[in-house]
Ligand SMILES: [Zn+2]
């Protein structure tokens, strides 16, 4: 959506002027003449005439990913996404007066899940693969996180989930500095990402992976789609020291840290869920066959494994929206996964939540 409140916060990402004119078709910058059209449910505020060396895969392969990612339809926040979302709510302490930025919002699921908790939720992403629910409840902007189209000090809170691991170091620095610029002094920013550091509990994680691999061997599950989703993970911040260093360079002060050693989580993801998805996906395929119909994905440009997983997810979402037994079972599994944060949250590992604050008086 493009609410009226959004316009007051904007500044030109091309020339940094705040002298913007709202027109029938969108917004025009009175200083540099750049035009930013209003599209279907969002504003296109990409900086004009700027060539960045790094372009996200989600932008360069947007069309292809649009078919593959199954991004339009949101399930309730459950499982790994549910753990992230619950941590986000707890660590960032969202309030009804907050203006909040989700920088690199993807399809906007985390923004949509929390939009009704705050005054204004704004999602920014260079790709426009937004979920229907996000289009309804989140102020959406197609923009570049290195040149955010907002005035200094606009936001009370900001968050970044599964973003930093995609960027090379110079982009991370630009991203963090730009986020710091648009936060108000005292404003807080939550990042969830991962370094290359192994967890000390890694043997337990590996045990689940091993079990999962046995399913792949038996043809029960296809990891191809999973691998593709993670194919542009660079993890330029290799260690925890790198993370702290990057935050410090952006002038952001660490307030809280919770590590995610995925012991319970990897058991759920690699064993329980994969088995569940395979069973649900298969039973559907068999049903289609016994009806004499060809599998629905016969001509689809995605592999059979990916199609099976998408099918399983669609079926699952239909169940979940009814909030029946399946929903509560998965909520229980989500809370089980969250045990990782409560039990091992202080034990250093690759995956981390960090809350940083923009100091009221900048350190020199
Ligand atoms: Zn301008």
Quiz item: In deg cm²/dmol and to the nearest 500, what is the mean residue ellipticity at 222 nm of the chain if only DSSP H runs of at least 4 residues count, each as -39500 (n - 2.57), divided by the residue total?
Solution: -12000 deg cm²/dmol
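With r defined as the distance between the Cβ atoms of residue 50 and residue 249 and R0 fixed at 22 Å, what FRET efficiency is calculated, to the nearest 0.05?
Working: r = 22 Å, r/R0 = 1.01.
That pair, residue 50 with residue 249, gives E of 0.50.
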Quiz item: Which semi-axes, in whole Å and largest first, does the equivalent ellipsoid of segment 78-180 have when worked out from the alpha carbon gyration tensor as the square roots of 5 times its eigenvalues?
Solution: 20, 16, 14
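Roughly what % of DSSP beta bridges within the chain run antiparallel, to the nearest 5? List each step's numbers first, then the result.
Values: 22 of 42 bridges.
Antiparallel bridges: around 50 percent, rounded to the nearest 5.
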Self-check item: Ranked list, fewest to most other Cβ atoms within 10 Å of each Cβ, for 156, 245
Solution: 245, 156
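Note down the relative contact order for segment 1-132 as a percent, whole number, built from C-alpha pairs under 8 angstrom at least six residues apart. Don't skip to the end; give the middle numbers.
On the way: 160 pairs, mean separation 23.1, N = 132.
Dividing the mean separation by the residue count of segment 1-132 yields 18 percent.
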Quiz item: Would you list 360, 59, 355, 22 from fewest to most Cβ contacts within 10 Å?
Solution: 360, 22, 59, 355
Self-check item: Residues 175, 54, 71, sorted so that the one with the fewest Cβ neighbours within 10 Å comes first
Solution: 54, 71, 175
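Taking only C-alpha pairs under 8 Å that are 6+ residues apart, what is the relative contact order of the chain in percent? Intermediate values should be presented prior to the final figure.
On the way: 638 pairs, mean separation 69.0, N = 364.
The value is 19 percent.
Give the calculated FRET efficiency between residue 256 and residue 119 to the nearest 0.05, with a Förster radius of 25 Å applied to their Cβ-Cβ distance. Working shown, then result.
Working: r = 23 Å, r/R0 = 0.92.
After rounding, the FRET efficiency stands at 0.60.
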Practice problem: Sort largest first and round to whole Å: the equivalent ellipsoid semi-axes of the chain, each the square root of five times a Cα gyration tensor eigenvalue. | Solution: 35, 26, 18
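Every number here is computed from the coordinates shown, using simple stated rules; none is lab data. A quick note: this is a predicted structure, and the numbers were derived from the prediction, not measured. Here Cβ is always computed from backbone atoms with ideal geometry, including for glycine, and neighbour counts include all displayed protein chains.
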